[in-house]
Amino acid sequence: MPERGGRRRANRLDQPRGVGPRWSFRLNDDTIGRWSERVARFFGTARFLVIQSIIVMVWIALNVAQLTRTIRWDPYPFILLNLAFSTQAAYAAPLILLAQNRQAYRDRVSLEEDRAQNARQVADMEYLAREIASIRLALGEVATRDFLRSELARLVEARAEDGPDEREQR
């Protein structure tokens, strides 16, 4: 918006900047999603629990041991260990949620495909039901073997009733 003197303000706070920084940091959502699924899958294994338990036991053992003061980097309240667990939890929760969101998206896509396939199958069954009904109607008008036999039997009986004299007159 032009101000006095026809110059534009360079730093308008009510409008976003038109041009961003020269460098840009782009991340592929799919790559991050696959990575988060692998991490979330690993967090849910017994292997992770065993490794984490061993690390915690070694950490506590080294810090409780009274060998020298230089080895004890995290004395008894284990504040640094608590900070490590908090950091792990802070990263684990969003990664697990991201993996769950991706799974929910895949489930939603699969459900939509199943619904479309079910709709196609219903349409196919309705088409086949109509075809079978039309075939039944058409067969109702066609002479069947039993009908032909009964008609021939009736003609034979009618001829037998007419007698031989009528047949010679014709």
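What follows draws every value from the coordinates through simple rules; no lab data is involved. For clarity, every value in this text was computed on a predicted model and none was experimentally measured. Cβ coordinates were reconstructed from backbone atoms using ideal geometry, including for glycine residues, and neighbour counts include every protein chain displayed.
Here are the numbers for this structure:
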{"quantity": "Net charge of Cβ neighbours under 14 Å - reference Glu151; Lys, Arg +1; Asp, Glu -1", "calculated": "+2"}
{"quantity": "Rounded, prolate or oblate (a/c below 1.5 giving rounded, otherwise prolate when a/b exceeds b/c) for the range 28-122 by Cα gyration tensor", "calculated": "prolate"}
